[in-house]
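Reading through the structure tokens given below for one structure.
The values are calculated or read from the model by the stated rules, or taken from the named source; none is laboratory data. All figures in this text were calculated on a predicted structure; none of them were measured in a lab. Cβ sites come from the backbone with ideal geometry, for glycine too, and all protein chains shown count toward neighbours. Side chains included, ligands, DNA and RNA excluded: accessible areas come from the protein's heavy atoms. Shrake-Rupley method; radii C 1.70, N 1.55, O 1.52, S 1.80 Å.
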Amino acid sequence: MENEKKKIAILGSTGSIGTQALEIVSEQSDFLQVEVLTANSNADLLIKQAIAYKPNHVVIADESKYLQVKEVLDPLDIKVFAGNKAIEELMEITEADTVLTAMVGYSGLLPTIKAIENKKRIALANKETLVVAGEIITQLCAENHVDIIPVDSEHSAIFQCLVGESLDALDKIILTASGGPFRGKKRDDLLEVTKLQALKHPNWSMGAKITIDSATLMNKGLEVIEAKWLFGLNQKQIEVVVHPQSIIHSMVEFTDGSIKAQMGLPDMKLPIHYAFFFPERKLSSFPRMRFSDIQQLTFEMPDPITFRNLGLAYEAMDKGGNMACILNAANEIAVDAFLKDKIKFLQIAELNEKCMNQVGFIQKPNIQDYINTDLETRRIAQQLLG
Ligand code: NDP
Ligand code: MG
């Protein structure tokens, strides 16, 4: 039995996705084994997780926490490393066969590249990786015969709808969006909204960055770009519809007009579980959706004028090159500034747009160009913040 277990590396194990993934490992401990856990700076939780799940390796990105983690885990025969570079290097030595990328933002890019080069199957939560460098990532996956199984609920839904179908028969996909806490509001209503209001997502409990992205609709914009790369689509094939109940996780429309939808309760454990076991479906103990509990499923069109970030994402996708990388980096700085009360809600999209206009455009970027673009955008964004 021991030999048949899937060996999992969880990058970002102390976050919202990471902790839910570990709950699945506990439930499926006959089938899953943790090889690697990583965190940014939450040493206490990382230590607790390592004691409970006994990985071979852990990484704490924040080097000042290294000794604290090492002191506890060394005697348990768990190897401890520190720094972001160590997360990348570990991808070369770990025996993990599947890597769950659950870090937040751009930090997921380089470790994901290393994991692909080392032929690990990718369970992708970190959508920013595909937003920043989708062309290079998909090409690397093809060269290394590596599959990406999406964890983002919308993309997992589309992936599930496409099982057994030919991509030639796909007409378009319909990504559902909850609309976030400010659904139906206009720009004037959003002038003074606070961080606390923006952090109150109606349906999902997630990390702070993606929760703000959901309130600005940047999250849906990032997901549009993520879908383009995952499923090889052009922008006319990606539609967004607001569905406040978050029961239909997304849909695929085929050339004959038939539409398939994947449904369930809004619970990220389901797509994580699916990604771990695909192509198998395993019994789970997750709460089940009952139609008798659902009064209605409703749909509205999104408002990309009020929620400018969604429009910017379509523009970045249309432009191609390093434009989505610029948008992503600007947005990371903008969200961080909003969370620190340095800018107002509507200024997030304003900063993103300014950076898209100011940072140098590169039509055919290589990896180094993406790294430079990310750094340059952050510098200009900070400058614009004053
Ligand atoms: P969280 O903020 O809850 O967790 C992020 C994790 O990454 C933590 O373990 C954190 O460590 C670690 N981390 C953060 N920054 C760095 C860094 N610079 N270097 C190394 N590690 C880092 O995020 P979520 O779990 O919400 O989201 C993770 C990813 O999954 C994001 O890309 C998000 O878009 C995507 N996603 C999330 C969903 C959700 O429901 N939460 C749904 C769909 C996609 P520490 O705890 O020490 O800070
Ligand atoms: Mg999503």
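Only residues that are of a type in the set (A, V, I, L, M), more than 16 Å from ligand 1 (Cβ to nearest atom) and surrounded by 12 or more Cβ atoms within 10 Å (Cβ to Cβ) were counted across region 153-167, and they come to 1. Among the criteria (1) in contact (Cβ under 8 Å) with a residue 60 or more places away in the chain; (2) more than 21 Å from the chain's Cα centre (by Cα), the one LYS65 does not fulfil is (1).
Remark: pairs (first residue in region 168-185, within 14 Å of LYS260 (Cβ to Cβ) and open to solvent by 20 Å² or more (accessible area, probe 1.4 Å); second residue β-branched (Val, Ile, Thr) and part of a strand (DSSP E or B); Cβ separation under 8 Å; 6+ apart in sequence or on different chains) = LYS172/ILE238; LYS172/VAL252.
Please find, within region 122-141, the residue that is farthest from GLN363 (Cα to Cα) out of those that are charged (D, E, K, R) and under 16 Å from the mean Cα position of the chain (by Cα). Lay out the reasoning, then the answer.
Of all residues in region 122-141, those charged (D, E, K, R) come to 127-128, 135.
Add one more test, that the residue is under 16 Å from the mean Cα position of the chain (by Cα), and what stays is 127-128.
On the way: LYS127: 21, GLU128: 19 Å.
Restricting to residues being charged (D, E, K, R) and under 16 Å from the mean Cα position of the chain (by Cα), the top hit is LYS127.
For region 186-213, how many residues meet the condition of being among the aliphatic types (A, V, I, L, M) and within 9 Å of ligand 1 (Cβ to nearest atom)?
Within region 186-213, the subset among the aliphatic types (A, V, I, L, M) is 190-191, 193, 196, 198-199, 206, 208, 210, 212.
Imposing the further condition that a residue be within 9 Å of ligand 1 (Cβ to nearest atom) reduces the set to 206, 208, 210.
Total meeting the criteria: 3.
Which of the numbered conditions does GLU332 fail, given that it passes all the others? Conditions: (1) more than 18 Å from SER214 (Cβ to Cβ); (2) open to solvent by 20 Å² or more (accessible area, probe 1.4 Å); (3) touching a residue at least 24 places away in the same chain (Cβ under 8 Å). Of everything listed in (1) more than 18 Å from SER214 (Cβ to Cβ); (2) open to solvent by 20 Å² or more (accessible area, probe 1.4 Å); (3) touching a residue at least 24 places away in the same chain (Cβ under 8 Å), GLU332 misses just condition (1). PRO111 falls short on exactly one of the conditions (1) within 16 Å of ligand 2 (Cβ to nearest atom); (2) in contact (Cβ under 8 Å) with a residue 60 or more places away in the chain; (3) not acidic (Asp, Glu), and that condition is (1).
Residue under question is ASP74, and the condition is that it be open to solvent by 70 Å² or more (accessible area, probe 1.4 Å) and without any contact (Cβ under 8 Å) to a residue 24 or more places away in the chain; does it hold?
Values: open to solvent by 70 Å² or more (accessible area, probe 1.4 Å): yes; without any contact (Cβ under 8 Å) to a residue 24 or more places away in the chain: yes.
In short, yes.
Screening TYR66, TYR106, TYR53 for residues that are surrounded by 20 or more Cβ atoms within 10 Å (Cβ to Cβ) and farther than 30 Å from ILE225 by Cα leaves exactly one candidate, TYR53.
Give LYS48, LYS65, LYS7, LYS54 a once-over and let me know the one that is away from ligand 2 (no atom under 16 Å from the Cβ) and closer than 19 Å to LEU124 by Cβ.
Numbers: LYS48 fails: closer than 19 Å to LEU124 by Cβ; LYS65 fails: closer than 19 Å to LEU124 by Cβ; LYS54 fails: closer than 19 Å to LEU124 by Cβ.
Of the residues listed, the single one that is away from ligand 2 (no atom under 16 Å from the Cβ) and closer than 19 Å to LEU124 by Cβ is LYS7.
Somewhere in region 297-318, is a residue of a type in the set (Phe, Trp, Tyr), in contact (Cβ under 8 Å) with a residue 12 or more places away in the chain, closer than 22 Å to HIS201 by Cβ and surrounded by fewer than 22 Cβ atoms within 10 Å (Cβ to Cβ)? Outline the logic, then answer.
Taking region 297-318 first, the residues of a type in the set (Phe, Trp, Tyr) are 299, 307, 314.
Subsequent filtering for residues that are in contact (Cβ under 8 Å) with a residue 12 or more places away in the chain retains 299, 307, 314.
Those left that are additionally closer than 22 Å to HIS201 by Cβ: 299, 307.
After this cut, where a residue has to be surrounded by fewer than 22 Cβ atoms within 10 Å (Cβ to Cβ) as well, the list is 299.
Yes, that holds for at least one residue.
Among the residues of region 222-277, how many are hydrophobic (A, V, I, L, M, F, W, C), assigned to a helix (DSSP H, G or I), within 15 Å of ligand 2 (Cβ to nearest atom) and open to solvent by less than 10 Å² (accessible area, probe 1.4 Å)? Selection size over region 222-277: 6.
Out of curiosity, is LEU130 open to solvent by less than 60 Å² (accessible area, probe 1.4 Å), within 13 Å of ligand 2 (Cβ to nearest atom) and at pLDDT 95 or above? Judged against the criteria, LEU130 is a match. GLY207 falls short of the stated requirement of being at positive phi and either over 18 Å from the mean Cα position of the chain (by Cα) or within 14 Å of ligand 2 (Cβ to nearest atom) (or both). Within this structure, LYS228 fails the test of being touching a Pro at 6+ places or on another chain (Cβ under 6 Å), away from ligand 1 (no atom under 13 Å from the Cβ) and either under 25 Å from ALA334 (Cβ atoms) or among the aromatic types (Phe, Trp, Tyr) (or both). For region 82-92, the count of residues that are without any contact (Cβ under 8 Å) to a residue 24 or more places away in the chain, in contact with an Asp or Glu (Cβ under 7 Å, 6 or more places away or on another chain), surrounded by fewer than 24 Cβ atoms within 10 Å (Cβ to Cβ) and more than 20 Å from PHE276 (Cα to Cα) is nonzero.
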